[in-house]
Amino acid sequence: MVLLVIDTQKGITDGRLYAFERFRENVKLLIAEARANGVEVVYVRHDDGPGTGFSLGDEEFEIFGEFAPAGDERIFDKTVNSALHSSTHLADYLAAKNERQLMIVGLQTNFCIDATVKSGFDLGYEIFVPEYANSTFDSDYMKSDVCYRYYNELIWPGRFARCITMAEAVDKIRRG
């Protein structure tokens with residue numbers, strides 16, 4: 001299993017997110033548990049392109065300090081929503097390691113997390129989504145709490161992923 005930490009970048013990892021403190025604590029716990037139990041932590045960053053303020057070399061592009069990679073943890077960059085799009089080479093990396101289980105956390109629920117969950121499902125991965133380990137912002141179309149519940153309680157469970165409690169997620173990590 002791999003813990004996939006998606007788009008937790010400085011420019012968007014802040015108090016504007018739904019249930020930010022709970023999200024922050026849960027992601028920190030899962031990263032710590034993964035490291036303590038030999039589960040690989042892989043990071044993905046979204047690059048909006050040069051001149052956007054959210055690209056390689058920009059401060060806001062870098063991973064949020066409390067979640068920062070340690071040692072030789074891998075970082076994959078993407079310019080599309082799905083972390084598993086062929087352009088990222090992440091799926092190739094996982095295939096070479098014969099990894100078939102992904103625990104997915106990060107931002108944003110309705111964009112890159114949703115795209116990665118569904119792409120992962122289509123590629124045959126077993127996907128685990130821990131509670132309050134993904135989040136998003138309010139939009140003109142949907143409030144962040146409704147959006148979170150829509151994906152985590154309606155769209156993903158029983159279709160694309162196993163949406164699990166934090167206790168289940170920690171147990172899964174500890175068992176490898």
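The values are calculated or read from the model by the stated rules, or taken from the named source; none is laboratory data. Small disclaimer: the values here were computed from a predicted structure and weren't measured. Quick reminder, even Gly has a Cβ in these numbers, built from the backbone with ideal geometry, and neighbours come from all protein chains shown. With ligands, DNA and RNA removed, areas are computed over all heavy atoms of the protein, side chains included. Shrake-Rupley method; radii C 1.70, N 1.55, O 1.52, S 1.80 Å.
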Looking at the range 29-52 only, could you name the residues that are open to solvent by 50 Å² or more (accessible area, probe 1.4 Å), farther than 16 Å from Ile104 by Cβ, in contact with a helix residue (DSSP H, G or I) (Cβ under 9 Å, 6 or more places away or on another chain) and touching a residue at least 24 places away in the same chain (Cβ under 8 Å)?
Asn37, Asp48
Quick one: count up the residues across the range 62-110 that are in contact with a Pro (Cβ under 7 Å, 6 or more places away or on another chain) and either among the charged types (D, E, K, R) or open to solvent by 50 Å² or more (accessible area, probe 1.4 Å) (or both).
1
For a quick check of your reading of the model, give me the residue pairs whose first member lies in the range 1-16 and is among the acidic types (Asp, Glu) and at pLDDT 95 or above, whose second is open to solvent by less than 10 Å² (accessible area, probe 1.4 Å) and part of a strand (DSSP E or B), with beta-carbon atoms closer than 6 Å and at least 6 apart or on different chains.
Asp7/Gly106; Asp7/Leu107
Would you confirm, using the coordinates I've provided, whether Ser55 is surrounded by 15 or more Cβ atoms within 10 Å (Cβ to Cβ), over 17 Å from the mean Cα position of the chain (by Cα) and of a type in the set (S, T, N, Q)?
yes
Looking at the range 22-48, which of the residues that are part of a loop (DSSP other than H, G, I, E, B) and under 19 Å from Leu94 (Cβ atoms) is nearest to the chain's Cα centre (by Cα)?
Val39
In the range 123-141, which residues are farther than 27 Å from Ala167 by Cβ and surrounded by 15 or more Cβ atoms within 10 Å (Cβ to Cβ)?
Leu123, Phe137
Could you please give the count of residues in the range 160-171 that are open to solvent by 30 Å² or more (accessible area, probe 1.4 Å) and in contact (Cβ under 8 Å) with a residue 12 or more places away in the chain?
5
Check on Ser55, of a type in the set (S, T, N, Q) and assigned to a helix (DSSP H, G or I):
no
Please give the number of the condition Asp145 fails out of (1) out of contact with any Asp or Glu (no Cβ under 8 Å at 6 or more places or on another chain); (2) open to solvent by 30 Å² or more (accessible area, probe 1.4 Å); (3) within 26 Å of Gly49 (Cβ to Cβ).
(3)
Within the range 111-122, which residues are of a type outside the set (S, T, N, Q) and surrounded by 14 or more Cβ atoms within 10 Å (Cβ to Cβ)?
Phe111, Cys112, Ile113, Asp114, Ala115, Val117, Lys118, Gly120, Phe121
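One line per residue, one yes/no per condition, for (1) in contact with a helix residue (DSSP H, G or I) (Cβ under 7 Å, 6 or more places away or on another chain); (2) β-branched (Val, Ile, Thr):
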position	(1), (2)
Gly71	no, no
Phe76	yes, no
Lys118	no, no
Leu123	yes, no
Tyr141	no, no
Val146	no, yes
Arg159	no, no
Arg162	no, no
